[in-house]
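Have a look at the structure below before the remarks.
The values are calculated or read from the model by the stated rules, or taken from the named source; none is laboratory data. Because the structure is predicted, anything quoted here is derived from the model rather than measured. Cβ atoms come from the backbone with ideal geometry, glycine included; neighbour counts cover every protein chain shown. These area figures cover heavy atoms from the full protein model, side chains too; ligands, DNA and RNA do not enter into them. Shrake-Rupley method; radii C 1.70, N 1.55, O 1.52, S 1.80 Å.
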Amino acid sequence: MSPLSPSLVAVVASRDGLTRPLMAAEALSRAADTLAFALNIEVRTRLGVQQALSGDALRGAHGVIVAADDDVDLTPYQGKQIYRLGLDEAITGAATALARIVSAAAAVGTPDAAAVAASKALKIVAITSCPTGIAHTFMAAEGLQAAAAKLGHVIHVETQGSVGAQSPMSAQQIRDADLVIIAADAQVDLGRFGGKRVYETGTKGAINNGVKLIEDAIAGATVQGAVTAKQGLADEAAEAKKARNNFSGPYKHLMTGVSFMLPFVVAGGLLIAVAFALGGIYAFDDAHKGMLAWTLFQIGAKSAFALMVPVLSGYIAYSIADRPGITPGMVGGMLAGAIGAGFLGGIISGFLAGYTTLLLNRHIRLHRNLEGLKPVLILPLFSTLIVGLLMMYVVGEPVAAVLHAMETWLKGMQAGSALALGAIIGAMMAFDMGGPVNKAAYAFSTGLIASQIYTPMAAAMVAGMTPPLGIALACWLFRNRFTAEDRDAGKAAAVLGISFITEGAIPFAARDPLRVIPSCMLGSAVAGAISLSAGAELKVPHGGVFVLPIPNAITHLGMYLVALLAGTVVTALALWVLKKPIRTAAT
């Protein structure tokens, strides 16, 4: 390239075509050779991305040529000069168009010093976390790592999953970091990042478009205030909530409570199942007192299950108000259990406790020397008093009546009602595969375990396993509907499916949502309907097929397996009907 010619890269894209974008790329390459400069060209077709632009090429480019007839996501090229061409113009008039673009780019000149500085390699630390701490946590981490590599940044990601923090960042890494990214759908403690530029968002952005998330973080991060001795814990909570008001809300608070509740449900449910296996269905009777089965039932039902609602309530409040909200939240949850309001009462008491604590913190002003009393004495005392009185005299009894009516209806459902409810739960589980609708169905089903109603949980799990299993079966049976890459991914989807990780279907749904999502919803609705109408009960909220061999963990096991098989087959057949053969794919 001549000294006066600016550096350019090109992107040629077509959603549906294959030949025309390749012809356009070849024409642009020849035109660049004629003008005596090298042009890196990325080609995007329905088969994927070819010759993807590297991070170095993007950083060194002054402008980007976009040759496409469709809309192209320009997020990765923020700060670059964009030059647009149609595919036909690129094919038939590449030399003229490229000469014009080179002339225009040379007139624009090179980026200023600020833009160059903004493009330097950064040291980034990140935390990813989701309510269940299984799939989204690690998918978000992988998305950030891939995006940082593409942009030329150095990143260390700490995953806060169901087994605790993995790859924890060191104090030195935090000190050296230019940027902190929190991609989480659950509460994350920011105490380590005082004085650092912090950007908070959910896991969805990291999974779907990590490049855009990192660029948004670079532009929008704010300095996290350091915690000082003069600042109370409740004030710290209020400031943190204000700083991240775009990412809070009832859904996130509820999911934080559910994530802390799940281990109690799993442990309690499995211990109850083992107790019944050892001592029969009457293992809890006083006639068995002192025996191992009776003891296991006391541990599982009377202890672990008894803590479910208090923990749910306490950590909803914690998500809203941080540590000062835990005490009133857990006390409210205990009262909900005592008066029969169950998980519905626990959810209400958690929100009452959290927002009551924030309200009190906002309006109670003390002398600086007494400020330390707020988080350990004043806020817990008054918020617990208020929440307790509201639960006992206002909220508790009406909610208990609603829950009792729901329990009576669920236990007395006729075949038609069971089919309908099972189909609804199943379709919700497959609709967004780990998103808000999926989590709403899952939280509803899990919460009912506290009321000894286990059929919705069985329907939710079998419906959650169906999408990745159905896709895996379709990849195997109907190979001409999928690319070689899809068929390889189908093998991994099968493993995720038997583990009850619905997110294994997300890559397929992202590439072809209008066909994959309806197919998955149909199969999951069938699976959920069969499970609920058969009266299958599941006493644990997770585990996939690996909990099925445990005695009494699942009832009506035969029909439950029929539901799983039927849902998987229906999903695969729906994909066969809706997806068209890919004639260029190897079979």
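One compactness figure for region 333-490 is 1.51, namely its Cα radius of gyration divided by 2.2 N^0.38 Å. Ordering Ile425, Gly342, Phe382 by Cα displacement along the dipole of region 284-441 toward the positive end leaves Phe382 in first place; charges were set at the Cβ atoms of Lys, Arg (+1) and Asp, Glu (-1).
Sorting Phe284, Phe343 on solvent-accessible area from highest to lowest, probe radius 1.4 Å, gives Phe284, Phe343.
Against the chain, whose longest principal axis is taken from its Cα atoms, helix 513-534 shows a tilt of about 10°.
If R0 equals 56 Å, the separation of the Cβ atoms of Ala149 and Leu561 corresponds to a calculated FRET efficiency of about 0.85.
A protection proxy built from the mean count of other Cβ atoms within 10 Å ranks the segments 292-302, 255-265, most packed first, as 255-265, 292-302.
Return the FRET efficiency for the residue pair Trp409, Ile82: r is the Cβ-Cβ distance, R0 is 51 Å, and the value is rounded to the nearest 0.05. With R0 = 51 Å, the Cβ-Cβ based efficiency is 0.30.
Based on protein heavy atoms only, the chain ends up with 44 Å² per residue of surface accessible to a 1.4 Å probe.
Taking every alpha-carbon pair within region 461-501, the share separated by more than 13 Å comes to 43 percent.
For region 384-464, the square roots a ≥ b ≥ c of the C-alpha gyration tensor eigenvalues yield an a/c of 1.5 or more together with a/b not exceeding b/c, which makes the shape oblate.
For region 430-505, averaging the sequence separation of C-alpha pairs within contact (under 8 Å, six or more residues apart) and dividing by the residue count gives a relative contact order of 33 percent.
Each other residue within a Cβ distance under 14 Å of Ala90 adds +1 if Lys or Arg and -1 if Asp or Glu, for a net charge of -1.
Just to confirm the number: angle between the C-alpha axis of helix 210-220 and the first principal axis of the chain, 0 to 90 degrees, nearest 10? Helix 210-220 and the main axis of the chain meet at about 90 degrees.
With viscosity set to 1.002 mPa s at 20 °C, what whole-number translational diffusion coefficient in µm²/s follows for region 468-575 from Stokes-Einstein and a Kirkwood radius over Cα pairs? Here the translational diffusion coefficient equals 152 µm²/s.
In this label model, Ala510 and Leu373 are separated by 5.3 nm, measuring between points 7 Å along each Cα→Cβ vector. Pairwise alpha-carbon distances in region 254-389 exceed 23 Å for 43% of all pairs.
On full extension, the segment bounded by Asp33 and Ala57 gains 6.9 nm, given 0.36 nm per residue less the C-alpha separation. One equal scatterer on each Cα of the chain, no solvent, Debye formula: the resulting log10 I(q)/I(0) at q = 0.05 Å⁻¹ is -0.28.
Quick check on the chain: helices-only [θ] at 222 nm, where DSSP H runs of length 4 and up contribute -39,500 (n - 2.57) each and the sum goes over total residues. Nearest 500, please.
-18000 deg cm²/dmol
Listed values for region 91-100 are Karplus-derived 3J(HN,Hα) couplings in whole Hz (6.51 cos²θ - 1.76 cosθ + 1.60, θ = phi - 60°), namely 6, 9, x, 5, 4, 5, 5, 5, 4, 4, and x replaces Gly and Pro. The equivalent ellipsoid that matches the C-alpha gyration tensor of region 533-587 spans semi-axes of 34, 13, 8 angstrom, in descending order.
Of the solvent-accessible surface of region 533-587, computed with a 1.4 Å probe and all protein chains present, 70% belongs to carbon and sulfur.
Regarding region 403-508, what is the average projected area of its C-alpha convex hull, in nm²?
7.2
Straight-line reach from Lys439: taking Cα to Cα under 18 Å and skipping same-chain neighbours fewer than 8 places apart, the aspartates and glutamates in range are Asp185, Glu503. Given R0 = 41 Å, the distance between the Cβ atoms of Asp285 and Gln173 translates into a calculated FRET efficiency of 0.15. Quick check: the angle from helix 379-390's long axis to the longest principal axis of the chain, C-alpha only, nearest 10 degrees? Its long axis makes an angle of about 60 degrees.
Restricted to Cα atoms, region 318-426 shows a radius of gyration and a Dmax of 18.1, 65 angstrom.
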